[in-house]
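To keep things clear, I will list the structure first and then write my remarks on it.
The values are calculated or read from the model by the stated rules, or taken from the named source; none is laboratory data. Owing to the predicted nature of the structure, the values given are computational and were not obtained by experimental measurement. Positions of Cβ are backbone-derived with ideal geometry, glycine not excepted, and every protein chain shown enters the neighbour counts. Just the protein is used for accessible areas: all its heavy atoms, side chains included, with ligands, DNA and RNA removed. Shrake-Rupley method; radii C 1.70, N 1.55, O 1.52, S 1.80 Å.
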Amino acid sequence: MQSPSDSAAALAMEGADADRPPPSCTDLFLGFLGLGLMGFGGVLPMARRMLVEDRRWLAPDQFTELLGLCQFLPGGNIINLSVAVGLEFRGVAGAMSAILGLILGPTAVVIGLGVLYDQYKDDPTLRHIFMGLAAAAAGLLVATAWKMLVPLRARPVTLGIVLLTALAIAVLRLPLLPSMAVLAPLSILATWRLSR
């Protein structure tokens, strides 16, 4: 008889890589530890690659849906995503493993970099390095957004909600919370109406 966490893990594996067993707590810890160490300054693009392409723990549609839920919840998207993936496969122990893996390495790196930055904060070379890092992070974010849009091309209503959101926030510069207060119920209603 399967436990609830095993059946949840089996459901999550549908469409991903059904031949593989669900990741263990150690796998979750090491996967998110590597993610946290590699993705300094923004790990969402690398999270998709790790979860969908490299380790095949989630299918592309599952990643997009899970990320959508995590973006709606309060807190950092990647932190919410690590907890959700850990819960999905190994319950509370998996969630703890994933989030500890995600934050342990970067916390140590940030403390070390903070000490160094305090000594060299007025150096113009350091300012140029940070501008270059910001440009690279923006490029990764655009590439990830494109990869997330590809599975949605067969869903015109969903693409319409994405375009409305981009228009409201990026073009019209409307505040995030009122925009989400209108667009989230609209997307839920549209999805519900189409599924009937």
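Annotations for the structure displayed:
- Conditions (1) assigned to a loop (DSSP other than H, G, I, E, B); (2) open to solvent by less than 60 Å² (accessible area, probe 1.4 Å); number of the one not met by ALA168: (1)
- Within the stretch 171-182, being at pLDDT below 90 and either open to solvent by less than 60 Å² (accessible area, probe 1.4 Å) or not in a helix (DSSP H, G or I) (or both) holds for no residue.
- Residues that are in a helix (DSSP H, G or I), closer than 30 Å to ARG155 by Cα and free of Cβ contacts under 8 Å to residues at least 60 places away in the same chain are absent from the stretch 25-35 altogether.
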